[in-house]
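What follows is a single structure, written as structure tokens, with notes after it.
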Amino acid sequence: MNATAPASHIGTIDPVTNLLLAVDGVTVDFDGFKALNGFSLTLDRGTLRVLIGPNGAGKSTLCDTIIGRVRATSGRVIFKGQDITHLPEHEIVRRGICRKFQTPGVLSGLSVVDNLMIAARRDRRWWCSFRQGVDAEEKARVADILETIGLADRAHIPAGQLAHGEKQWLEIGMVVATRADLLLLDEPTAGMGPAETSQTAALIRRLVGQHTVLVIDHDMSFLEQLDARVTVMHQGQFLKEGSVAAIREDADVAAVYLGRTKEEKHG
Amino acid sequence: MDMSIHRDTPTPLTGAPLSGPMAGPRFSRPVALSLALVAVAALAPWLVSAYELNLLARFLAMGLLAMGLVLVWGQGGVLSLGQGVFFGLGGYAIAMHMKLAALGEGELPDFMVWSGLDALPWWWVPFKSPLVAILGVMLVPGVLAALFSWAVFRRRVGGVYFALITQALALAFATLLVSQQPSTGGFNGLTDFQTLMGVDLGSTAAAHGLYWLTLALVAGAFLGLRLLMNSRYGMLLRAIRDGENRIRFLGYDPTPFKVVAFTIGAVLAGLAGALFTLHAGVVSPALVGVVPSIEMVIWVAVGGRNSLAGAIAGTLAVNLAKDGVSSAFPDLWLYALGLVFVLVVTLLPGGFAGLVGDVADTSWAKRLKSIIVGRSK
Ligand SMILES: Nc1ncnc2c1ncn2[C@@H]1O[C@H](COP(=O)(O)OP(=O)(O)O)[C@@H](O)[C@H]1O
Ligand SMILES: [Mg+2]
């Protein structure tokens with residue numbers, strides 16, 4: 001379907017078809033407060049991008065707008081060359097975008113494996129839910145993901161009983177299980193210790209290529225481990241884009257963001 | 001690694017782990033128990049008096065509606081305070097047919113004559129046909145429920161607002177029935193039925209036959225709903241109940257899942273209403289309005305809103321109690337019912353089915369079981 005071209009071909013690919021997502025001048029107005037203010041961003045297929053910005057910068061709102069939870073007051077969201085700005089949420093997801101929420105959104109009443117099976121289901125139209133039997137490919141995929149996220153031995157306990165970090169992983173697993181081309185991961189390491197954080201970074205790095213990944217986070221060591229291009233936003237607007245090292249050194253970024261994080265870390 | 005999908009019984013809202021006989025895909029014991037219960041129930045015509053059989057038949061009919069509420073409320077998380085509407089539609093559909101079937105050519109039902117009507121209202125005409133009436137019992141509530149719930153759910157109205165809208169629906173329905181006296185029979189409703197498809201409704205054979213029909217429908221609905229709840233549809237319905245947004249953002253549209261549940265609930269309510277009307281010999285606004293609709297929810301709350309068997313048991317228990325209390329102390333019944341409801345909601349969120357499950361989960365029950373089954377540790 002949307003298999004990513006082998007790495008050796010990437011340089012020869014027409015840049016237009018290699019474009020997966022374009023957020024084009026999006027403004028989101030909450031009763032006069034502009035959470036996004038003419039924000040633009042493009043993502044190429046198979047790439048990893050990190051989005052940072054101080055609290056309230058509009059990062060979660062950007063994810064919400066891409067996925068249709070929040071509607072743009074103006075501007076467009078183009079995915080695979082098509083305008084998805086006004087599609088229903090489930091339609092947007094079916095086209096290949098899936099989002100991890102900031103607070104873990106696992107289905108706590110269902111078992112870990114059922115959470116993944118629901119996510120992995122390819123045919124999500126309602127009348128297909130009456131069909132018996134489980135697709136072998138979906139099953140294999142779920143088994144694979146269970147191993148990857150390290151929950152194989154806890155597959156049958158209710159997801160609500162997982163520890164916080166495990167819930168985060170399960171939700172990442174669910175997002176991956178949907179085979180979405182674009183994964184939006186909103187603060188995937190929130191509530192994790194250093195060891196879990198670097199495991200998460202390794203997990204995300206393995207997803208890149210197969211998927212395009214947009215990660216929101218502000219843990220500096222996590223950013224360094226991801227080693228991806230960084231976009232900085234501030235008050236709903238684009239501020240800077242560059243490598244982790246460049247962003248680290250940037251005076252404007254430091255003024256709005258990194259300085260504060262450093263203070264927090266030292267304080 | 002064991003990758004089989006757990007097709008277990010509905011997960012309690014608390015997310016507590018399921019264990020004991022309800023945890024795995026082991027149907028044999030509950031199925032055997034249910035079959036035994038149905039077999040005993042089938043012998044009731046020879047075990048109880050005609051009056052008691054009639055009561056049991058009415059309560060079993062209501063059990064159909066209660067099982068529908070398990071799907072809608074327990075599994076789907078959609079509280080409907082308007083099931084009386086669908087119950088009433090089913091009841092009136094069959095009652096209209098019986099009123100018409102008793103008439104000669106060109107005659108009108110007695111209450112229409114008294115009200116001065118000189119022609120049958122157009123919407124009565126199709127119910128002359130027994131086939132239309134029987135299909136109408138299910139289709140009228142089903143189609144109405146599908147359209148109504150689709151319109152409401154797609155606007156993402158749920159929870160308390162949905163409950164209030166359905167309550168308003170019940171109020172409007174009962175008010176309409178009373179106010180349109182010439183064509184609905186008004187406050188008295190429709191009563192005084194003689195025959196159904198040529199069978200004398202007063203005969204013992206008819207009473208037994210209708211009882212068995214009710215029992216068969218209850219057993220069939222039980223099995224059908226159990227299959228449905230254990231299907232992927234059931235899993236998704238519970239998932240929507242617990243996290244509608246998460247399901248939406250996994251690419252599912254929650255609306256049709258909820259519409260299907262609500263529609264099935266309404267069809268079962270319609271069937272229940274028709275059977276109840278046959279057993280009771282009357283259908284009237286007092287049976288379908290706000291208070292009866294709330295009582296229906298209480299049966300299910302008492303029995304356990306996630307348990308089909310619990311819902312039937314709750315319906316039987318509450319209605320038997322009502323029969324006892326309201327004949328001895330007619331004024332007390334609503335207070336007693338309210339008290340029971342408050343106690344169940346605060347102390348037993350899983351109803352009595354939840355209590356049975358909890359008892360089965362206690363360590364002494366497990367130890368007892370391990371002694372009986374012979375497994376150590
Ligand atoms: N539904 C909403 N209504 C009003 N204001 C909102 C809403 N959602 C977010 N905001 C505001 O928009 C701003 C951006 O929020 P958010 O996107 O969550 O920031 P971030 O994820 O970057 O911390 C915040 O000031 C927040 O209070
Ligand atoms: Mg945020």
**OP:** Would you calculate the separation in nanometres between label points at B:A206 and A:S221, each defined as 7 Å from the Cα along the Cα-to-beta-carbon direction?
**Re:** 8.3 nm
**OP:** State, as an integer percentage, the relative contact order of region A:47-122 based on alpha-carbon contacts under 8 Å between residues 6 or more apart.
**Re:** 20 percent
**OP:** Would you mind calculating the relative contact order of region A:10-266 from Cα pairs under 8 angstrom and at least 6 residues apart, reporting the percent as a whole number?
**Re:** 25 percent
Original post:
Most mobile of A:V256, A:V106, A:V26 per a Gaussian network model of chain A (Cα springs, under 10 Å)?
Top reply: A:V256
Subject >> Whole-Å semi-axes of the ellipsoid equivalent to region A:10-266 (Cα gyration tensor, √5λ, descending) >> reply: 30, 23, 17
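If exposed means no more than 12 neighbouring beta carbons inside 10 Å and the site is in a DSSP loop, what's the longest run of chain B without any exposed GluC sites (Glu not before Pro)? Mind dumping the intermediate values first?
Values: sites that count: B:E105, B:E107.
So the longest stretch without any such site is B:108-377.
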Original post:
Using alpha carbons only, what's the Rg to Rh ratio of chain B with Rh from Kirkwood?
Top reply: 0.99
Original post:
Helix B:290-303: angle to the longest alpha-carbon principal axis of chain B, degrees 0 to 90, nearest 10?
Top reply: 30 degrees
Original post:
With each pseudo-label sitting 7 Å past Cα toward Cβ, what's the A:D153-B:A168 distance in nm, one decimal?
Top reply: 5.6 nm
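What FRET efficiency comes out for A:A254 versus B:L348 if R0 is 60 angstrom and r is the Cβ-Cβ distance? Round to the nearest 0.05.
0.55
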Subject >> Cα long-axis angle, helix B:83-101 against chain B (0 to 90 degrees, to the nearest 10) >> reply: 40 degrees
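Calculate, for B:V31 and B:D323, the FRET efficiency according to 1/(1 + (r/R0)^6) with r their C-beta to C-beta distance and R0 41 Å; round to the nearest 0.05.
0.85
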Original post:
Counting each DSSP H run of 4 or more residues in chain B as -39500 (n - 2.57), what helix-only mean residue ellipticity at 222 nm follows after dividing by all residues, to the nearest 500 deg cm²/dmol?
Top reply: -22500 deg cm²/dmol
**OP:** Take the eigenvalues of the Cα gyration tensor for region A:103-207, scale each by 5, and report the square roots as semi-axes in whole Å, largest first.
**Re:** 24, 15, 12
Original post:
Between region A:167-203 and region A:152-166, how many Å separate their Cα centres?
Top reply: 15 Å
Original post:
What FRET efficiency would be calculated for the residue pair A:D144, A:A195, taking the C-beta separation as r and a Förster radius of 30 Å, to the nearest 0.05?
Top reply: 0.85
**OP:** Could you work out the per residue convex hull volume over the alpha carbons of region A:150-267, in cubic angstrom?
**Re:** 129 Å³
**OP:** Could you work out the relative contact order of chain B, using alpha carbon pairs under 8 angstrom and six or more residues apart, expressed as a whole percent?
**Re:** 31 percent
Original post:
Taking the Cα-to-Cβ direction at A:R205 and at B:V125 and moving 7 Å from each Cα, how far apart do the two end points lie in nm?
Top reply: 7.9 nm
Original post:
To the nearest Å, what is the center-to-center distance of region B:211-254 and region A:30-45, using C-alpha atoms only?
Top reply: 40 Å
Subject >> Pairwise centroid distance, computed over Cα atoms, of region B:286-364 with region A:55-112, Å >> reply: 42 Å
Original post:
So in chain A, what percent of DSSP beta bridges are antiparallel if you round to the nearest 5?
Top reply: 55 percent
Original post:
Mind checking the log10 I(q)/I(0) for the protein assembly as shown at q = 0.06, 0.10 Å⁻¹? Debye, one equal scatterer per Cα, no solvent, two decimals.
Top reply: -0.43, -0.96
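Bear in mind these aren't lab numbers, they're just calculated from the coordinates by the rules spelled out. Nothing here was measured: the structure is a model prediction, and the numbers come from that model. Positions of Cβ are generated from backbone atoms using ideal geometry, with glycine treated the same way; all protein chains shown enter the neighbour counts.
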